[in-house]
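So the structure is just underneath, and the comments pick up after that.
The values are calculated or read from the model by the stated rules, or taken from the named source; none is laboratory data. Predicted, not measured: the structure shown is a model, and the values here were computed from it. Cβ placement follows ideal geometry from the backbone for every residue including glycine, while neighbour counts extend to all protein chains displayed.
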Amino acid sequence: MKKVISGNEAASIAVKLSRVQVISAYPITPQTTISEKLSEICGSGELDARFVKVESEHSAMATLIGASSTGSRTFTATSAQGLALMHEILFWASGARLPIVMVDVNRAMAAPWTIWCDQTDSLAQRDTGWLQFYCWSNQEIIDTIIAAYKISEQLLLPSMICYDGFFNSHTHEVADIPDQELVDSFLPARQAEYKLDTKDPHTFSGGTLPSMFMEFRYKVQKAFERAPELIESVYSEFDQKFGRRYNPVESYFVDDAERVLITSGSSASTAYHTVRMMRDEGEKVGLIRMRQLRPFPEAELFRAIPKGALVGVLDRNLSPGTGGVWTQEIRAALGRNNINLSLHEFVAGLGGRDISENNIREMFAGMKAADGKRQSINWIGLNR
């Protein structure tokens, strides 16, 4: 069934289709309408789930840790300071190997106070042990949430699905809503091997000594190393069931590209439109879209980059003192693989500032002007 829906409504529909059993969330703009919609769905009986009202985002995640430990399928959503408030307990979720799925509607971090978008909130959580996926359309939001449950429940790792506040969350698009029976055939009920059960008692997240702790982290790392193969398998099955194929890295017009821009989230839509126009003008430019931060898809990324091309990275985020986070991640991957490639770093769109066609053209022009030499951060659209 095709329907015109917002990004936040898409997330709510995906949660319902995934037959989530426990939802706990604290409202924060621009995530709030997800919580409101899910509350209505649970209250009306459309979804047989417990909606737990709490006084903070920290409590929301704590609630889901308890619920997931009993074997329930769980969900929450948040943004910005709300995600930051969860930071301490995100480690508990991943360390306990709980397949919680959470939406982070990307919003810039205060101060100064803002409700508008950038990706710094989710990227600041990259070391917490959560899988991270980035969407650019409402259709992708639905599909990624459903797929994330299947991925998380097999890896025993939590997943964070990220999309841009207002640019995605409150923008309406046509989306194909899958039939419940088809989703059920793809995503069966969760069957937890270990769970809180009075008839089969275990100890969960107990204290450890130095002689034991390191092995727990080793197993989390090994799960992340298994993730790429599993994600590929889940995306392949999703394609067979629903007719839509996703990859950790998606590329457009790169085969003969002389300049390539790497980006993620909603800014990729503007970049895609601009690349198409520049192609019509005879410019050999291309686009690479990152759909995944953790695990970092370095093999897929390097396959997508055409040999000899100038490469720029559009970062809608900032790690102060260093620069854009996606640029850091790509440079680290280049180093691990002994690849000598200069990246042109572009920071744009912080705090919800628009990233226009002219901004994208400026980035491609900047790559050409620099002629492959590594530059300092290029601030695009800055009011000087």
Would you check which residues across the stretch 3-60 are among the charged types (D, E, K, R) and touching a Gly at 6+ places or on another chain (Cβ under 7 Å) and list them?
57
Residue among 223, 192 that alone is in contact with a Leu (Cβ under 6 Å, 6 or more places away or on another chain), over 16 Å from residue 290 (Cα atoms) and not assigned by TED's automatic domain parsing to the domain that holds residue 296
223
Only one of these is of a type in the set (A, V, I, L, M), touching a strand residue (DSSP E or B) at 6+ places or on another chain (Cβ under 8 Å) and within 27 Å of residue 161 (Cα to Cα): 377, 305. Name it.
305
What are the residues in the stretch 196-233 that are surrounded by 12 or more Cβ atoms within 10 Å (Cβ to Cβ), assigned to a helix (DSSP H, G or I) and of a type in the set (A, V, I, L, M, F, W, C), if any?
213, 216, 220, 223, 224, 227, 230, 231
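Residues are listed down the side, and each one gets a yes or a no for (1) aromatic (Phe, Trp, Tyr); (2) in contact with a Lys or Arg (Cβ under 9 Å, 6 or more places away or on another chain); (3) part of a strand (DSSP E or B):
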position: 260; (1), (2), (3): no, no, yes
position: 276; (1), (2), (3): no, no, no
position: 288; (1), (2), (3): no, no, yes
position: 311; (1), (2), (3): no, yes, yes
position: 314; (1), (2), (3): no, no, yes
position: 335; (1), (2), (3): no, no, no
Just checking, how many residues over the stretch 276-307 are among the polar types (S, T, N, Q) and more than 16 Å from the chain's Cα centre (by Cα)?
0
Look at residue 283 and say whether it is in contact with a Pro (Cβ under 6 Å, 6 or more places away or on another chain), in the same structural domain as residue 346 (by TED's automatic domain parsing), outside any strand (DSSP E or B) and in contact (Cβ under 8 Å) with a residue 40 or more places away in the chain.
no
Under 7 Å between Cβ atoms, which residue pairs at least 6 apart in sequence (or on different chains) link something in the stretch 177-196 that is more than 18 Å from residue 67 (Cβ to Cβ) with a partner that is modelled with pLDDT under 95 and not aromatic (Phe, Trp, Tyr)?
177/1
Taking first residues from the stretch 202-213 that are of a type in the set (A, V, I, L, M, F, W, C) and second residues anywhere that are part of a loop (DSSP other than H, G, I, E, B), the pairs with Cβ under 9 Å that are 6 or more apart or on different chains are 204/96; 204/194; 204/195; 204/196
Within the stretch 9-22, is even one residue polar (S, T, N, Q), touching a residue at least 24 places away in the same chain (Cβ under 8 Å), farther than 27 Å from residue 113 by Cβ and not in a helix (DSSP H, G or I)?
yes
Taking only the stretch 337-359 into account, find how many residues are outside any loop (DSSP other than H, G, I, E, B) and over 23 Å from residue 297 (Cβ atoms).
6
Only residues that are within 20 Å of the chain's Cα centre (by Cα) and among the polar types (S, T, N, Q): list them for the stretch 324-375, please.
327, 328
Quick one: which residue in 249, 220 is on the phi < 0 side of the Ramachandran plot, at pLDDT 95 or above and within 18 Å of the chain's Cα centre (by Cα)?
249
Within the stretch 168-182, track down each residue that is touching a Ser or Thr at 6+ places or on another chain (Cβ under 7 Å) and either within 16 Å of residue 144 (Cα to Cα) or part of a strand (DSSP E or B) (or both).
168, 169, 172, 173
State yes or no: is residue 79 farther than 18 Å from residue 146 by Cα, at pLDDT 95 or above and either outside the structural domain of residue 111 (by TED's automatic domain parsing) or of a type outside the set (Phe, Trp, Tyr) (or both)?
yes
For the condition touching a residue at least 24 places away in the same chain (Cβ under 8 Å), of a type in the set (Asp, Glu) and buried (at least 19 other Cβ atoms within 10 Å of the Cβ), what is the one hit in 357, 298?
298
